[in-house]
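Everything below concerns the one structure shown next.
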Amino acid sequence: MAVQEDVADTIAGFALFADLSAPQREQVVHVFDEAWFSEGERVLRQGFSGSGLYIILEGAAAIRIDGVDRSTLRPGDYFGEISCLLGEAPVADIVALRALRCIVLPSTQVETFLKAHPSIMFRLLQGEARKVRNTTKWLS
Amino acid sequence: MAQLEERPFPPGRYSLIVVGSGPGALQLTYCLHRLGIEHAVLSDDPAPGGMFRRWPVFQRMLSWTKPFTGFERSSRAYERFDWNSLLADEPPNRAVMTGVMDGTSYFPSRPEMEKGLVTFADATSLRIRFGCRWETTRKEGPDFVLGTSDGEYRSPLVVFAVGVAEPWRPTGLEAVPHYGDLRPVETYKDRRVFIVGKQNSGFEIATGLLPLARQIVLASPSPTKLSVNTHSLVGVRARYVQPYEDSVLAGGVLVLDTSIDEVKRTGDGYQVRTRSAGDDGVLTFEVDDVVAATGFATPLRDLPDLGVATFGQSRLPAQTPFWQSATVPGIYFAGTIMQGSRGLKKHGIPSNSGAVQGYRYNARVLAAHLAEERFGVRLPRLRLEASDVISHLLAEASHAPELWHQRSYLARVVLVDPDRGIIDDGIAPLANFVDAPGPDAVAVALESNGRDDPYPAIYIRKQGTVTEHLLEPNLQLNFEDHAHRKALTAALERLLSPSLSQPQL
């Protein structure tokens, strides 16, 4: 499903796309699909193959592991990147907490996409580094 | 046709109303009728066919009906090779398209497709009130009230099968002719044509204009995908790749990955300014014609005001796995709009719910769902012997047209009930199987990952938890061999044991 016209403007405020010009943002959004999920609907399924990289436009989602909610994701947050990068099934469910609107890139296209957009790759790496840092702090 | 003269279904209250008379509506009303569900069918059109009464503009379908397959044309297995016929229980009404095609192509012409739909509607005696235009919708108590050109209709259940055929143009292109506005092809002779959009409709126009136009430019921000590369129906189909080769061999076609900054009228022609995302470079084209091949939206009229949530450029309604509006219970969708029910969309590969070969099966599932959930009909289920389960599931993976056409989307479900035994629960949406609660069961689907040959995927629900088990692909697409039997037997051991104590290997 091609994305609505407002998406290029919406992602202008997201850290992941902060380094892109307007034409670059427009090109980027055309690579993605748009998806909509109801409250309670699973977006990613723990242990299922064939995931994707999702970026939240509107709404909120829970990271749920073995039925327990661990964290909440909001607009500008992304998920699914770890399973895409590692080529493995997700280790958590992602569940819409209310109506959730996302853009999504299939896992098969993530490597090509990131190599074509180094600034997005760097921003994504920063995000992963923050997660590692926070986990390290929590463990210590 | 009898239905043109009778004008059935006068304004009033009905237990279910279907709006539309394209293939989606025809398939649904056929299936509802077979299940004995009384309903009204309303259509603005004068005859069956929906969008195939007009399009595709170059009058040839992209979906094939393969005449020689080794399977009887009235068999279920043949449906895998016939993407265009609607489904019928009676053998004479199956594979209708094979009887209306002239044999010069395995892609039917548009008139052949339209004739096939009219033939099906006549042969199965479908009753439709033609010339009745749905105009407004409101809710009154339990009922939806449809204001139409013939008066008001009331029902607690309405299925909209109105296609995704409303021309859509991005901001700035409002005054540009759309795909559907294409003039007679000879009027493009020796002209420079700029086509906005690089999906099938853009490449279809470019292909049709190749022998006539002086220059053709195809432009949109993202690179072209080809179906032969995606191993799916995502991307431009092989039949329309010729302009791409012309571009690569410098024959006069340009295929550009650019944003369209501005389209301006200049005397008899247009000036188009594009901007490259890569280097921000600006190019200006002086052309005679511009065509917006920018897609279509769903003609939902006032349904969003009623609370129907939509998403994406096509404004598709968000739907549950059984094609009910995700936000307004009682409103359902059929036909190509069913692509708004996403399913698992594994590896980014969509279902074929946007096309006849996909949504015809959705319609049958929806009819059965409505019959059971809304009308209290209990459909019979086949009871299986434990020793037959492995063979049954692998035969479905090898031959079931529902699974082949609707990969990762529709599945064959078998319930394992300690009291009732092992029961074939029919074809069901896979998303519902994996996400809704239910008894111990197994579902088999066929899946693709955009790289390898298709492979069976087994989903096992045991004590409320669903696990995925992927079987290996098979070069000859045969999943009934020893290796697959062994793998499936091992996967089902916990679910079926001890009932499946003696699997036949």
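General observations
- Considering only the protein assembly as shown, percent of DSSP beta bridges that pair antiparallel, nearest 5: 75 percent
- Overall form of segment B:1-155 per C-alpha gyration tensor (a/c, 1.5; a/b vs b/c): prolate
- Label zone at A:Thr112, where the point sits 7 Å out along the Cα-to-Cβ direction: segment B:328-352 residues whose backbone N lies under 14 Å: B:348-349
- Surrounding net charge for B:Gly421, when Lys and Arg each add one and Asp and Glu each subtract one, Cβ distance under 15 Å: -4
- Angle between chain B longest axis and helix B:389-399 axis [Cα atoms, degrees, rounded to 10]: 20 degrees
- Residue-averaged beta-carbon neighbours from other chains (10 angstrom radius) around B:443-456: 1
- Computed label-point distance, nm, for sites A:Ser119 and B:Arg374 using a 7 Å Cα→Cβ extension: 5.0 nm
- Per residue of A:20-31, other chain Cβ atoms within 10 Å of the residue Cβ number 6 on average.
- In range of the label at B:Leu283: residues from segment B:232-253 whose backbone nitrogen is under 11 Å from the point 7 Å along Cα→Cβ: B:253
- Rounded to the nearest whole angstrom, the semi-axes of the ellipsoid equivalent to segment A:90-137, taken from the Cα gyration tensor as √(5λ), stand at 21, 20, 10, largest first.
- Cα gyration tensor shape of segment B:356-470, rounded if a/c is under 1.5, else prolate or oblate by comparing a/b with b/c: oblate
- Potential extension, B:Ser149-B:Asp453 segment - 0.36 nm per residue separation minus Cα distance: 104.4 nm
- Reducing segment B:416-445 and segment B:122-167 to their Cα centroids gives an inter-centroid distance of 34 Å.
- Pairs of lysines in chain B (C-alpha under 22 Å apart; 8 or more residues apart or interchain): 8
- Between the alpha-carbon centres of segment A:73-99 and segment B:7-37 there is a gap of 41 Å.
- Taking every residue in B:220-230 and counting other chain Cβ atoms within 10 Å of its Cβ, the average works out to 3.
- Calculated diffusion of the protein assembly as shown, Stokes-Einstein form, Kirkwood radius summed over Cα pairs, 4 °C and 1.567 mPa s, µm²/s: 49 µm²/s
- The residues packed around B:Ala411, meaning those with a beta-carbon under 13 Å from its beta-carbon, carry a net charge of -3 if Lys and Arg are +1 and Asp and Glu are -1.
- Environment charge at B:Leu471 (Cβ cut-off 15 Å; Lys +1, Arg +1, Asp -1, Glu -1): -4
- Residue exposure sequence - A:Ile82, B:Ile390 - by fewest surrounding Cβ within 10 Å: A:Ile82, B:Ile390
- Counting every alpha-carbon pair across segment A:1-109, the share separated by more than 23 Å comes to 24%.
- For the pair B:Ala175 and B:Asp102, label points projected 7 Å from Cα toward Cβ lie 4.2 nm apart.
- If you wrap the tightest convex hull around every Cα atom of chain B and split its volume per residue, you get 170 Å³.
- Prolate/oblate/rounded call for segment B:275-353, Cα gyration tensor, a/c under 1.5 rounded: prolate
- In degrees, nearest ten, helix B:23-34 long axis to first principal axis of chain B (Cα): 20 degrees
- For chymotrypsin sites (Phe, Trp or Tyr not before Pro), no site in segment B:193-293 is both called loop by DSSP and has at most 13 other Cβ atoms within 10 Å.
- Using alpha-carbon coordinates, inclination of helix B:482-491 to the longest axis of chain B, degrees: 70 degrees
- Protection-proxy order for peptides B:42-49, B:88-95, each taking the mean of Cβ atoms within 10 Å per residue, highest first: B:42-49, B:88-95
No lab work stands behind these numbers, since they all come straight from the coordinates. Quick caveat, the model's predicted, so the values are computed rather than measured. Glycine gets a Cβ as well: all are built from the backbone with ideal geometry, and neighbour counts include every protein chain shown.
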